[in-house]
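Undergrad: Just dropping this structure here.
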Amino acid sequence: MMPQASEARTLTIGEESLTYTLRRTGRRRTVGIFVEPDRRLTVLAPNGADIESVERILRRRLPWIRRQRRELEALPPPSAPRVWVNGETHRYLGGSTG
């Protein structure tokens, strides 16, 4: 399988700048827009898709992108990864081990 080509791009709509990562792949037939949990925007496009049509789709989907980012902003921050300390006790199947 061939690696996906990836490039960072910025689309200016009025006074707003929309920064996104464009990945091209031969496996896609349509353009897919993904708002990542950290609010980054990723666009997957077929190899043959021209940039004008991709950006036209982004302009049309801008209200959806804004809504997704607002919803992600409203979520609580992810919890810190668990740090295991030697000698620590923890619950397992209802009982305490340690």
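Undergrad: For a quick check of your reading of the model, give me the residue pairs whose first member lies in segment 1-15 and is under 15 Å from THR42 (Cβ atoms), whose second is at pLDDT 90 or above and not in a strand (DSSP E or B), with beta-carbon atoms closer than 7 Å and at least 6 apart or on different chains.
TA: From residues that are under 15 Å from THR42 (Cβ atoms), the pairs are LEU11/GLU55; LEU11/LEU58.
Undergrad: Can you tell me which residues in segment 55-98 are at pLDDT 90 or above and small (Gly, Ala, Ser)?
TA: Across segment 55-98, the qualifying residue is only ALA74.
Undergrad: What number of residues in segment 24-56 are open to solvent by less than 80 Å² (accessible area, probe 1.4 Å) and in a strand (DSSP E or B)?
TA: Residues that pass the stated criteria total 11.
Undergrad: Follow-up. Pairs needed: first member in segment 73-89, over 30 Å from LEU41 (Cα atoms) and free of Cβ contacts under 8 Å to residues at least 40 places away in the same chain; second member anywhere, in a loop (DSSP other than H, G, I, E, B) and not acidic (Asp, Glu); C-beta distance under 7 Å; at least 6 residues apart or different chains.
TA: Correct list of pairs: GLU88/GLY98; THR89/GLY98.
Undergrad: Further question: Answer yes or no as to whether THR89 is loosely packed, with under 11 Cβ neighbours inside 10 Å and in contact with a Ser or Thr (Cβ under 8 Å, 6 or more places away or on another chain). Walk me through how you get there before you give the answer.
TA: Values: loosely packed, with under 11 Cβ neighbours inside 10 Å: yes; in contact with a Ser or Thr (Cβ under 8 Å, 6 or more places away or on another chain): yes.
Judged against the criteria, THR89 is a match.
The values are calculated or read from the model by the stated rules, or taken from the named source; none is laboratory data. These numbers come from a predicted model, not from an experiment. Positions of Cβ are generated from backbone atoms using ideal geometry, with glycine treated the same way; all protein chains shown enter the neighbour counts. Remember, those area values only see protein heavy atoms, side chains included, never the ligands or the DNA or RNA. Shrake-Rupley method; radii C 1.70, N 1.55, O 1.52, S 1.80 Å.
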